[in-house]
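Here the structure is laid out as structure tokens; the discussion comes afterwards.
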Amino acid sequence: MNEWNVVIGVAGAGKTAHAMGLLEQKLHEGLRWDQIGFLSFSRAACAEAVSRAARITGESEDRLRNDGWFRTVHAAAARALQVRSGDVIDPETKSGKEFFQEHFGVTPNDDAGTFGQRLKSVLDKWAIDRQRIYPLWVESDCLSCADLVNRSRARTRFAVDSHPIRGGGAPMRNVEKHCQFCRFQVQKTAFLYTYRAKTFFSTDTLTAQIDCETANFSVTPIYSKELGLAPPPSVECESTARVRAEASCPNCGRLIVSGDDYGEKRDTAVQYERQKSLFGKYDFTDMVAKFAGVDFSTGFAEIDTPMGDAPDDVKVWLVDEAQDCSQLLWLAIERLTANADERYLLGDPYQAVYGFIGADPTELLRRQEIARSRGTLGVLARSWRNPPEVVEWGEQILSEDPRYFSRQPFSETESGSVALLQWEQFTKRAHDLAGRSVMILGRTWYSLDKPIKILNSIGIPWTSVSEKHSSKWDCPQKIAYVLTMRDLKQRKPISEQDWRRITKQLPAKFRSEPVFSRGTKSKWDKLACSQDLGIHYNQLHELGAEPMFFQILDEDLWKTDMFLLIDNAIEQWGIANVRNPSVRIGTAHSVKGMEADIVYCMALSTEASAKSDPHEERCLRYVAVTRAAKHFRLVVDAADTYRGKPVFWPAPLNFSTYDRSQEYLDERIPTAGENHQTSEVPWDLDSEIPRRSEDHDRSSGHHLLPSRTLHGDGGETPREQANPNSDSPADEDQTEWWDF
């Protein structure tokens with residue numbers, strides 16, 4: 001197995017672009033596309049690798065995507081295991097909900113105080129524990145020699161160094177065994193994981209030379225993180241309601257707490273594992289675990305025989321965003337790449353912000369030091385995104401860690417600015433943000449409520465960059481309706497789909513007067529309609545419009561609520577800015593990999609910063625600062641500062657210079673043709689909400705939606721009768737199921 005070539009890049013250095021360059025280099029050196037593998041934490045990075053390889057090789061993207069190894073780690077493991085889509089449990093899908101309903105009587109949900117919420121909480125923690133390979137097995141401090149032998153039996157036929165990660169799956173330390181009656185012979189055949197008092201220990205398989213009654217052993221801890229699912233066990237605690245089974249040691253009389261210390265929660269996790277096994281189902285974590293050779297079926301981690309076949313013909317592997325890999329993903333990556341001639345890791349351990357879902361950047365740090373000692377470490381220190389002022393701020397934040405090894409970053413862009421900004425000053429100039437490349441960040445979505453209310457009150461369109469949170473402006477159906485009504489008032493032609501949209505939106509009666517003739521709404525709701533702009537204002541009566549409809553149209557009585565906001569925004573900011581708002585809002589986690597000319601970060605009160613791991617919080621501050629391509633402002637609310645509450649502070653701790661003018665907002669906003677800003681492709685889990693295709697040749701552009709079947713409120717649903725002029729396909733597009 002060849003050692004890793006490690007490439008560490010600072011923020012904005014183009015790590016993914018460097019990976020694409022390596023991909024092109026290997027293809028030009030003569031390797032076939034099926035001899036190169038690309039793994040990443042995100043689908044977007046894999047899609048870019050497929051696109052570049054297709055341009056160089058001349059192969060279709062579909063073939064590279066389906067037959068190649070340009071995949072996320074989960075998708076690669078699924079292919080190796082030949083998992084079928086019907087075998088995968090996803091709580092968000094219909095089949096997944098049916099599985100939980102059948103076996104648990106409820107589906108996991110967020111409804112406070114319900115069993116569904118408790119089930120979701122347990123399974124979420126169980127998923128994180130599995131990503132971290134946390135064991136759920138408690139040993140007593142006092143064991144006889146025979147017990148040690150029985151409980152330490154080898155659980156794999158492989159020698160310890162044959163496992164993908166040396167030492168059985170995690171960094172280990174030596175363990176010394178002591179017995180007052182005999183000596184032990186240590187057999188290097190397997191490791192077990194033991195959890196006691198918030199600390200993990202490794203235990204070798206033991207064989208006693210002579211019988212004895214009692215024994216003890218000392219171990220060196222390899223972890224010191226508290227288990228997510230189980231409460232910490234106590235060996236001598238006699239008053240805990242969580243203990244379901246207990247016994248006393250026959251030698252010393254001390255209480256032995258069983259592995260069922262957390263009772264019902266463990267039972268739920270084990271039941272979940274049992275039901276999956278009985279019915280041949282997988283969840284996303286299972287695919288990686290089974291391929292990596294880790295078994296969780298009994299409620300704790302056991303090294304097991306890996307399933308599936310690792311690819312033998314891939315000669316070069318590229319692994320992007322390596323800092324976001326969990327210990328379980330590292331196991332799978334090691335096995336996937338074991339037979340390669342060259343292996344490359346790309347990432348930045350100081351942009352690791354996904355520890356809350358199991359990511360472990362310490363493994364990349366360890367491999368970085370190994371590569372440094374062997375001369376196989378490369379550092380991309382040139383930032384193509386951040387101005388010198390932002391680069392310097394980022395360095396000061398990371399340098400708060402005395403262990404930080406500086407990468408000596410430098411900027412290749414023009415000068416920008418960094419400063420603090422008072423909340424009152426931000427609100428005073430908020431109306432100038434529309435049309436500019438702006439990003440507003442917070443530590444949590446709760447801390448973004450205040451800027452969102454300000455933008456909504458002014459009527460500035462904005463979009464969410466998180467898949468789990470949406471903006472009221474992300475409403476293509478409503479935008480299309482507004483543009484249709486505006487076109488009709490200007491006596492421009494509309495399509496059949498536009499008219500159907502109007503009949504669905506307006507009521508049958510208004511002020512006790514009919515808006516449409518009887519049966520019009522029902523009739524058009526059942527028709528498949530054409531996109532051709534063939535309907536004119538003077539034809540609407542023939543299509544079912546009554547006099548009240550023309551009054552609603554001509555007197556603007558339809559402009560209410562969100563429709564009024566959209567119409568005003570079109571007048572003030574233009575159609576393009578309503579369809580694709582230039583102001584983006586998200587948490588510091590969700591914007592990783594993105595950028596904007598102007599970045600505002602809310603230094604508002606949040607308990608999340610106080611409870612976060614210090615290293616991960618420092619990384620999150622660094623990520624927030626380095627999203628700025630020109631100007632960064634940390635927005636400070638004096639009320640929070642005076643109360644002494646914890647705040648998210650992505651700035652050097654001793655910085656105190658405030659911006660009083662925001663002169664950059666006085667610059668002219670470039671037109672659409674002049675706007676050359678580029679945004680780095682979001683390579684991480686949270687990506688920008690995709691926009692639907694639009695017909696830019698039309699002046700009004702009200703036909704926003706493509707003519708294909710859509711599901712959900714306001715979508716184009718299948719019709720019982722077909723219009724002969726209709727070009728709407730009956731089937732919706734299908735996406736690759738394993739694109740996790």
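For the pair Asp267 and Thr107, a Förster radius of 25 Å applied to the C-beta separation gives a FRET efficiency near 0.85, rounded to the nearest 0.05. What shape does segment 374-415 have by the C-alpha gyration tensor, where a ≥ b ≥ c are the square roots of the eigenvalues, rounded means a/c under 1.5, and otherwise prolate means a/b greater than b/c and oblate the rest? It is oblate, given that a/c is not under 1.5 and a/b is not larger than b/c. Subtracting the Cα-Cα distance of Glu369 and Gln396 from 0.36 nm times their residue separation leaves 7.5 nm of extension gain. Heavy-atom accessible area with a 1.4 Å probe sorts Met307, Met439, largest first, into Met307, Met439. Note on segment 420-461: with neighbouring protein chains present and a 1.4 Å probe, carbon and sulfur make up 52 percent of its accessible heavy-atom surface. Entry comment: accessible area of segment 419-577 is 44 Å² per residue, from protein heavy atoms only and a probe of 1.4 Å. Per-residue SASA remark: Trp384, around 150 Å² accessible (1.4 Å probe; ligands, DNA and RNA not included).
Taking label positions 7 Å along the Cα-Cβ direction at both Glu424 and Phe356, the computed distance is 3.3 nm, reported to one decimal.
Could you let me know the centre-to-centre spacing of segment 558-574 and segment 330-382, using Cα atoms, in angstrom? After rounding, the separation between the Cα centres reads 49 Å. Extending 7 Å from Cα along the Cβ direction at Arg403 and again at Met562 yields two label points whose distance is 4.8 nm.
Is segment 1-77 best put as rounded, prolate or oblate by its Cα gyration tensor, with a ≥ b ≥ c the root eigenvalues, rounded for a/c under 1.5, and otherwise prolate when a/b is larger than b/c, oblate when not? Rounded, since a/c falls under 1.5. Given a 1.4 Å probe and the protein chains as shown, His28 ends up with an accessible area of around 140 Å². Please figure out what share of the DSSP beta bridges in segment 549-651 is antiparallel and state it in percent, rounded to the nearest 5. Around 10 percent of the beta bridges assigned by DSSP in segment 549-651 are antiparallel ones. Of His536, His615, the order by accessible heavy-atom surface (1.4 Å probe, DNA, RNA and ligands excluded), from most exposed downward, is His536, His615. Solvent-accessible surface (1.4 Å probe) assigned to Ile303 amounts to roughly 20 Å². Counted residue by residue at 0.36 nm each, then reduced by the alpha carbon distance between them, the extension gain from Arg668 to Phe279 reaches 133.8 nm. Taking a Cβ cut-off of under 9 Å around Lys630, the surrounding Lys, Arg, Asp and Glu residues balance to a net charge of -2, with basic ones at +1 and acidic ones at -1. Within the shell defined by Cβ-Cβ distances under 10 Å, the residues around Pro650 carry a net charge of +3, with Lys and Arg each +1 and Asp and Glu each -1. Label sites at Glu92 and His469, each approximated as a point 7 angstrom past Cα along Cα to Cβ, lie 1.7 nm apart. Rolling a 1.4 angstrom probe over segment 484-612 with all protein chains present gives an accessible area of which 49% lies on carbon and sulfur atoms. When all protein chains stay in place and ligands, DNA and RNA are ignored, the 1.4 Å accessible-area order of Ser121, Ser383, largest first, is Ser121, Ser383.
Let me make sure I get this right: for segment 286-378, a, b and c are the square roots of the gyration tensor eigenvalues over alpha carbons, sorted descending. Under 1.5 in a/c it's rounded, otherwise prolate if a/b > b/c, else oblate. Which is it? Oblate.
The values are calculated or read from the model by the stated rules, or taken from the named source; none is laboratory data. Note that the structure is predicted; figures quoted are calculated from it, not measured. Here Cβ is always computed from backbone atoms with ideal geometry, including for glycine, and neighbour counts include all displayed protein chains. Keep in mind that these areas ignore ligands, DNA and RNA; they rest on the heavy atoms of the full protein, side chains included. Shrake-Rupley method; radii C 1.70, N 1.55, O 1.52, S 1.80 Å.
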